[in-house]
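Student: Once you've had a glance at the structure underneath, I'll fire off some questions.
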Amino acid sequence: MRALVAAFAALATLLAAGTAIAQPPARSGQAPPPRPNAVAPHPDGLDCVACHIDKHRGVQRLYAGTGGRGAPASPDRMFQVGVQCTACHSTPRSPDGARDIAGQNFVVTDQACATCHGDRYRGLLDRWRTGLGAMRETVATKASTLRKALGGGDASKEASARRLLDDAEYNVRLVTLAHGAHNVFYAANLLRRADAWLGEAGTLLDQPPAKTDDALLRGGYCGPLCHEPLGIKLRDTVSFRGRPLPHARHATELGATCTTCHSADAHKKLAATPETCRACHHSPQNERCESCHRDQTAFYRGTLQTALAPVKPNVMAAAVACTNCHDFSKPQPRAAIKEACTGCHDSAYLPLLTEWTKGGAAELKATTDSAAAAERAVASARRAGGGTPAADARLREARVALALVRAGGLAHNPLAAFALLTRARRAAHDAKAAAASR
C-alpha cells in the first residue's frame, strides 16, 4: 500500500508541474525507468518545491510539442518513442568535488547524439542551436521595432497589432527559455508563425516590411537544420499528382521553401494541392513566368531553333511581358485578355486576338487532320509491303511542326505559327502522295 501511495504521489507531482512526458513500459522483471523530474523527499524534511516551482515545465511542453501559440501539437520524434531526459543529458557539468554540496547537473554533448545515431549526427546539435538562434534574433529584432511603433495610431488597429506582437513574443520566449533544440521542428515552426504575425502587425501599423529574405523563417529550415548535415540529398525530380515536378529547381532556383509544399505541423507530410501551385505560379507578384513556360517563351521571343520555318520574335516581345497580357488573379477568358490589349492599343486591335485564337484553332485543326490522313496513307502503304522512307521523312516534318505550334501557343507568335502550320500541311500532303505512289 505504501508503494502504491508513493507512486500516486509521484504522478501527482508530475502532473502539477505540467509535464506530458511519456514513459516507456518497463520490461518484465525490471524496475520502471526513473522519472528525472520527480521530486524526492528531502532527507532533512525541507520542502524545496515551495520555492523551486515548475523548473522544467517549458522544456517538457516543448519536447511534447505543445505550449506554443499558433501551431498544432507536434511532439518531437524522440518524445514519441519514449526517450527520457537522461538519455541526452548524460555529461556531468558540476566540477569534481562539488556534487556532494551543490548536486550534479548534466548537459548534452555530441557524444549523446553519436551514441544512439552514429557519428554523422555529430555537429547537428550546434547546427540546431545556431540556426534557431539566428531565427530568434531576427524575430526579436522585428518585434522590438514594432513595439516602439505602438502609440498614437488607430486604436482598433493598434489593439490587433498588440495581440499579434504578444503572441509572437511569447513564442520567442518559449523557444529561447525552453531551448528550441528539445524539439527543433516545432520550435522553428513557432518562430515562423511569429514572423508571419509580425508581418501582419507591421501592416496594421503602416510599418514597411524589413528588407530581408530569411529562408529559415519562410519555412526553409528542414534542409539547413537537419537534412543537409545528415547528407540527405535533395531529389532532382518528384512526382506530384502523376506529373513530374522539378523538386530541386523549386527549392534552389524558384524560391520555394520546404513548408511551401510540406506540412509545417507534421513531419514528412505533404500539404501541397493544385491550388498551392496556382497561388505561387500565377500570383500577381510572380513575374518569372518564363522560367517555367520555356516553350512559350522561346516561341514568343523568337529563340526557337528549327529549320522548318523562320521564327522571328513577336513584335511585342521587347516591350510586353507575360503579365501585361495574363493576369491570373482574374478569370482568363478571351474577353479578359482582350481588355489587356486596350491598355496599349485602341479598339481596332481587338479583332486580332479573335483571329489568332479562333482562326488559328481552325488552322491547327485542319493541319492536324491533314497529318492524320497522311499517317493513315503511310500505314496502308507499309502494310502493303512497300518501303516509305520519303513519306516517313515528310510525315516527321509535319509532326514536329505541329508539336512546336502546340507547345509554343499560336497566339504567342502568330506569324511563326502560321508559317509552321503551312509547312506542316505541305509536308503532310507530300507524305500522303509519296505513300500513294508506292
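Student: Among M316, M135, M78, determine the one that fluctuates most according to a GNM of the chain built with springs between C-alpha atoms less than 10 Å apart.
Tutor: In the Gaussian network model the winner is M316.
Student: Gaussian network model of the chain, Cα springs within a sub-10 Å range: biggest mean-square fluctuation belongs to which of L364, L146, L46?
Tutor: L46
Student: What number, in nm² with one decimal, is the all-direction average of the projected area of the convex hull of the alpha-carbon atoms of the range 238-281? Intermediate results must be reported in sequence, preceding the final value.
Tutor: Details: hull surface 12.4 nm².
Value for the range 238-281: 3.1 nm².
Student: Now a separate question. Each residue of the range 72-81 in turn: what ³J(HN,Hα) in whole Hz from Karplus with 6.51, -1.76, 1.60 and θ = phi - 60°, glycine and Pro shown as x?
Tutor: Result, rounded to whole Hz: x, 4, 9, x, 4, 4, 5, 5, 4, 9.
Student: From zero outward in steps of 5 Å, how is the percent of C-alpha pairs of the range 49-114 spread across the bins?
Tutor: Spelled out bin by bin, the range 49-114 gives 4, 14, 16, 20, 20, 14, 8, 3, 1, 0 percent.
Student: Next up: Pick from G152, G68, G82: which is most flexible by mean-square fluctuation in a GNM of the chain where alpha carbon atoms under 10 Å apart are linked?
Tutor: It is G152.
Student: Expressed as a whole number of Å, what is the distance separating the alpha-carbon centroids of the range 402-438 and the range 137-171?
Tutor: 63 Å
Student: Here's a follow-up. Please report the orientation-averaged projected area of the chain, defined via the convex hull of its C-alpha atoms, in nm². The partial results should precede the final answer.
Tutor: Details: hull surface 146.6 nm².
So the mean shadow area of the Cα hull is 36.7 nm².
Student: Something else: Between the DSSP loop rule and a limit of at most 13 other Cβ atoms within 10 Å, which GluC sites (Glu not before Pro) in the range 168-261 are left? Show your work: numbers first, answer last.
Tutor: Values: sites: E169, E200, E253; in loops: E253.
Sparse-neighbourhood loop GluC sites (Glu not before Pro): E253.
Student: Among K142, K365, which comes first, then next, by fewest other beta-carbon atoms within 10 Å?
Tutor: Neighbour counts put them in this order, fewest first: K365, K142.
Student: Over all directions, what mean area does the Cα convex hull of the range 89-165 project, stated in square nanometres?
Tutor: Values: hull surface 36.0 nm².
About 9.0 nm², averaged over all directions.
Student: Additional query: At 18 Å minimum axial length over the Cα atoms and a Kyte-Doolittle cut of -1.0, report the qualifying DSSP H helices in the chain, or say none.
Tutor: On the way: long enough: 2-16 (21 Å, 1.97); 124-149 (38 Å, -0.37); 155-177 (32 Å, -0.33); 184-204 (30 Å, 0.38); 360-383 (34 Å, -0.22); 389-408 (29 Å, 0.27); 414-436 (33 Å, 0.33).
For the chain, where a helix must reach 18 Å along its axis and average at least -1.0, the hits are 2-16, 124-149, 155-177, 184-204, 360-383, 389-408, 414-436.
Student: If you don't mind, there's one more thing I want to ask. Treating the range 39-176 as a set of equal point scatterers at the Cα positions, no solvent, please give the Debye-formula log₁₀ I(q)/I(0) at q = 0.10 Å⁻¹.
Tutor: Calculated log10 I(q)/I(0) at the listed q: -0.55.
Student: Across the range 194-339, how large is the tail of the calculated P(r) beyond 19 Å, expressed as a percent of all Cα pairs?
Tutor: Details: 7085 of 10585 pairs.
Everything past 19 Å amounts to 67 percent.
Student: Moving on to the next point. Please arrange C51, C113, C344, C258 by counting, for each residue, the other beta carbons lying within 10 Å of its beta carbon, fewest first. Walk me through the numbers before you get to the answer.
Tutor: Details: C51 6, C113 18, C344 12, C258 21.
Ascending number of Cβ neighbours within 10 Å: C51, C344, C113, C258.
Student: Rounded, prolate or oblate: pick one for the range 322-436, where a ≥ b ≥ c are the square roots of the eigenvalues of its C-alpha gyration tensor, a/c under 1.5 means rounded, and failing that, prolate if a/b is larger than b/c, else oblate.
Tutor: Numbers: a/c = 3.67, a/b = 3.27, b/c = 1.12.
Taking the square roots of the gyration eigenvalues as a ≥ b ≥ c, the range 322-436 is prolate.
Student: Which of the three applies to the range 123-194, rounded, prolate or oblate, going by the alpha-carbon gyration tensor with a ≥ b ≥ c and a/c under 1.5 meaning rounded?
Tutor: Values: a/c = 3.73, a/b = 2.59, b/c = 1.44.
Taking the square roots of the gyration eigenvalues as a ≥ b ≥ c, the range 123-194 is prolate.
Student: Lysines near K432 by alpha-carbon distance under 25 Å, same-chain residues fewer than 8 away left out - which ones?
Tutor: Qualifying lysines at Cα under 25 Å: K365.
Student: Just to be sure I understand the model, the point goes 7 Å from the Cα along the line to the Cβ. What's the resulting K55 to C116 distance in nm?
Tutor: Each label point lies 7 Å from its Cα, and together they span 2.2 nm.
Student: So, one more: Which cross-chain or sequence-distant (5 or more) residues have an amide H under 5 Å from the amide H of V238, H modelled 1.01 Å from N in plane?
Tutor: Answer set, sorted by chain and number: L245, H247.
Laboratory data are not the source of any read-out in this text; all were calculated from the coordinates shown. None of the values given here were measured: they were computed from a predicted structure. Using ideal geometry, Cβ is built from the backbone for each residue, glycine included, and neighbour counts are taken over all protein chains shown.
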